[in-house]
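**Q** There's a structure below that I have some questions on.
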Amino acid sequence: LTSTNVQDALDEIQQNLEDTNADLGNIDLTDNGDGTFTYTDAEGNIIDFDANTTSYTENGGGSYTFTNDNGESI
């Protein structure tokens with residue numbers, strides 16, 4: 001990712017998901033329009049998170065860890 005803030009990083013992730021969705025199955029990142037997002041993985045697991053209180057760390061190799069305002073990984 002080339003973004004320097006969470007919102008732009010999430011937008012980049014959404015674009016990457018759309019670009020690779022056919023290869024990975026039914027993966028979706030939905031912008032709920034209020035700063036929150038809903039992520040659905042290929043197995044149908046749903047994770048809701050608030051971009052206003054989310055931060056990320058680049059782990060290297062294209063891997064990122066997103067944490068909520070409680071410091072929990074999402």
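**Q** Give me the number: length gained by fully extending Asp28 to Tyr64, i.e. 0.36 nm times residue separation minus the C-alpha to C-alpha distance, one decimal in nm.
**A** Details: separation 36, 0.36 × 36 = 12.96 nm, distance 1.71 nm.
Extending this stretch completely gives an extra 11.2 nm.
**Q** How high is the FRET efficiency from Asp41 to Leu1, r the C-beta distance, R0 25 Å, rounded to 0.05?
**A** Numbers: r = 19 Å, r/R0 = 0.75.
FRET efficiency, Asp41 to Leu1: 0.85.
**Q** Related question: Tell me what the chain gives for mean residue ellipticity at 222 nm when only DSSP H runs of n ≥ 4 count, each as -39,500 (n - 2.57), the sum divided by the residue total, rounded to 500 deg cm²/dmol.
**A** On the way: 1 runs with 19 residues, N = 74.
Taken over the chain, the calculation gives -9000 deg cm²/dmol.
**Q** Something else: Largest first and in whole Å, give the semi-axes of the chain's equivalent ellipsoid, each being the square root of 5 times a Cα gyration tensor eigenvalue. Don't skip to the end; give the middle numbers.
**A** Details: eigenvalues 68, 45, 30 Å².
Rounded to whole Å, the semi-axes are 18, 15, 12.
**Q** Rounded to whole Å and sorted largest first, list the principal axis extents of the Cα atoms in the stretch 32-74.
**A** Dimensions of the stretch 32-74 along the principal axes of its Cα atoms: 28, 26, 17 Å.
**Q** Carbon and sulfur: what percent of the chain's accessible surface (1.4 Å probe)? Write down the numbers at each step before the final one.
**A** Values: 2010 of 4700 Å².
That share works out to 43 percent.
**Q** Just to confirm, what accessible area per residue do you get for the chain at 1.4 Å probe, in whole Å²?
**A** Working: 4700 Å² over 74 residues.
Dividing the accessible area of the chain by its residue count gives 64 Å².
The values are calculated or read from the model by the stated rules, or taken from the named source; none is laboratory data. Bear in mind the structure is a predicted one, so any value in this text is a computation, not a measurement. We place every Cβ from the backbone using ideal geometry, glycine too, and count neighbours over all the protein chains shown. The protein model used for the area step is the full one, side chains on, heavy atoms only, and it has no ligands, DNA or RNA in it. Shrake-Rupley method; radii C 1.70, N 1.55, O 1.52, S 1.80 Å.
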